[in-house]
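Presented below is the structure to which this report refers.
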Ligand code: ATP
Ligand code: MG
């Protein structure tokens, strides 16, 4: 018998206690964010081990990321010591890999099989297609790969796919051929890890019985994001002991695009009759304002299971801050504002690592990275490379470098055959040899080669065309605005097109990053000065520092928590994302809203939501509308601030946006309140319009320095030194 004051049970509320100590039989914990679901799993593992209900290797716990697995292991170790080392704890993939190693022969592999990365997978698939004489133009391999992955997510083997009937005959045949090729290479892809283990389980009753007998306790975190194959795997493994505990939140289901089935939650009680369903309602993470706002937002979704969330810890009323929303002029102003807030918090003694900037899409990190670097604040981009280190950005930069500097050999090498121009290894080797022999840069060597017969006609023509393109782009350097030139280069080279045609899930994000790169260029005088800037930025590497601001996507932030959370870019088409809005029906939109709910509920103490009036998207300014999610946040828990200036030229456009209710709310929600005691990080109280006088010198975010010539309520007429006379809002102006 375990004393109820055992360290791993201490502090649990009655429902949590029940979920932890009901070790026998199926348990489903269904509850909102921050209610201690993950904590329940950790305590449960500790409880099972400390009560000697099972050996560590008889416990199997599934987490969503390797990082989460590491954290869980550490926590259990804190509670019960190093026995926790032996627990089978990891992601579905890592656990399946471990199991598959001892059954490789059963699926036609040998024990030392390799797991292919995405590049290798694609190469194998293309070979298979070529051998089957399938035209990659008619059947894009990326699309086929996505189809195969969807089959694997649903545990559909080639045999089953073939038996299903229906269309897609060619895809099914290629799926089979691809799987056979992988076997002959003694390799498998990520999706196979699960699929193969399922195949073993279903074909080898003895093996299945062994694994079923071994795992006495199964624990699953983030259950709402499991796909069909994962669910089948769990159901099989749990059959003997039936001690399975799944925890999840249907409102946080954000991976349906990867095959996740929120329906798995509903099936649980059917497949495990007698399952105990525990609902946790106390949230121990966030302040009441954050909770109330998040709950109100998610209430706009239909078809929810419905849950109650209430604050589980006392909060000092005077320390509770409302959620803040802030309208800003553009992305640069947004980054400046957020980084100022970060600095203020830091001055107040908050740790940088307790702050996170959570973005909807990868391209949004750039502006924040730039500003953080400029101000010398350490940051980490989690879940992906930093902006200028991303593959597509490096490629694009190589184009720009080569246009600016014809002698840049590394840039030449990087892109001479990207996208594919039919320049194979042999041709490239020839260019290298010529460069060495003639002691000239690669590009010059290539140019000389095009006038010879050293290369075969096809590569020679391709090379000549490439050099001709480069020459043309270079000739435009002085006449064409540099951002426009960059856009032209990326278009005419076929580079953007290459990613647009790519059907892999990360391709649309890469296209967005390329657009963001062009937008970034606008902030510099020339291509050369931009390239210089990037070289310096990349040298200034702050990743090593432990105390650093976290930047990541909302998807990646699942399960994590931070004191302060910044949620930028809450604008229609950015968030909710345009792809979700383009879908018919509300499924896409509802998933975006769940993502917003995940974002808000990451915060312990404070949330700052921001949205810009203007975004530069691929060389063009676009007026933005605030996200509908901004409007869905309830007024009683939100403090709205920031105002929208009148756009210099697109007055009509901005007037339409101006009349938008969310904007009015943003403008009038908290009229002229100097930093209220509950607001945080407000660098300096906003001056009210009355503090400006005619004749005063002022600075404006977009138009620069100028002199006030007239006052009109909260508007100022200013003669700007460079931009001429403009009417602007006083809140975009500061005294100098
Ligand atoms: P999410 O849905 O975001 O994954 P969750 O339900 O898994 O959230 P946890 O991360 O386990 O929630 O817990 C949220 C926070 O609340 C953690 O900091 C955790 O330590 C704390 N917490 C959970 N239960 C209690 C409790 N009974 N007493 C005090 N703090 C608790
Ligand atoms: Mg959790």
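Taking the DSSP beta bridges with both ends in the chain, the antiparallel portion is around 35 percent. Over the residues of the chain, the helix contribution to mean residue ellipticity at 222 nm works out to -13500 deg cm²/dmol, using -39500 (n - 2.57) for each DSSP H run of at least 4. When 93, 47, 577 are arranged by Cβ crowding within 10 Å, least crowded first, meaning fewest neighbours, the order is 93, 577, 47.
Its Kirkwood hydrodynamic radius, worked out from the mean inverse distance over all distinct Cα pairs, puts the range 347-400 at 12.7 Å. Each pair of Cα atoms in the range 488-602 enters the Kirkwood radius, and Stokes-Einstein at 4 °C and 1.567 mPa s then converts it into a translational diffusion coefficient of 75 µm²/s. Here 372, 236, 280 are placed in order of increasing Cβ neighbour count within 10 Å, fewest first, which gives 236, 372, 280. Compute the relative contact order of the range 9-73 as a whole-number percentage, counting only Cα pairs closer than 8 Å that sit 6 or more residues apart in sequence. Dividing the mean separation by the residue count of the range 9-73 yields 28 percent. The calculated FRET efficiency for residue 340 paired with residue 269, based on their beta-carbon distance and R0 = 45 Å, is about 0.35. Arranged from fewest to most other beta-carbon atoms within 10 Å of their beta carbon, 523, 571 become 523, 571.
Taking label points 7 Å from Cα along the Cα-to-Cβ direction, residue 258 and residue 235 give a separation of 2.2 nm.
Grab the Cα-Cα distance for residue 308 and residue 296, subtract it from 0.36 nm times how many residues apart they are, and report the gain in nm with one decimal.
3.2 nm
Relative contact order of the chain, taken over Cα pairs closer than 8 Å and 6 or more residues apart, is 15 percent.
Normalised by the residues of the range 217-329, what does the relative contact order come to in percent, with Cα pairs under 8 Å and at least six apart?
Reported relative contact order: 25 percent.
Segment residue 202..residue 523, full-extension length gain: 109.7 nm, with 0.36 nm per residue of separation and the alpha-carbon distance subtracted. Return the FRET efficiency for the residue pair residue 137, residue 492: r is the Cβ-Cβ distance, R0 is 30 Å, and the value is rounded to the nearest 0.05. Approximately 0.90, to the nearest 0.05. Estimated from the Cβ-Cβ distance and a Förster radius of 25 angstrom, the FRET efficiency linking residue 429 and residue 186 is about 0.25. Here the gap between residue 474 and residue 276, fully extended at 0.36 nm per residue and compared with their Cα-Cα distance, gives a gain of 64.3 nm.
None of the figures in this text is laboratory data; all of them are computed from the coordinates on show. Remember, it's a predicted structure, so these values are computed and weren't measured experimentally. Positions of Cβ are backbone-derived with ideal geometry, glycine not excepted, and every protein chain shown enters the neighbour counts.
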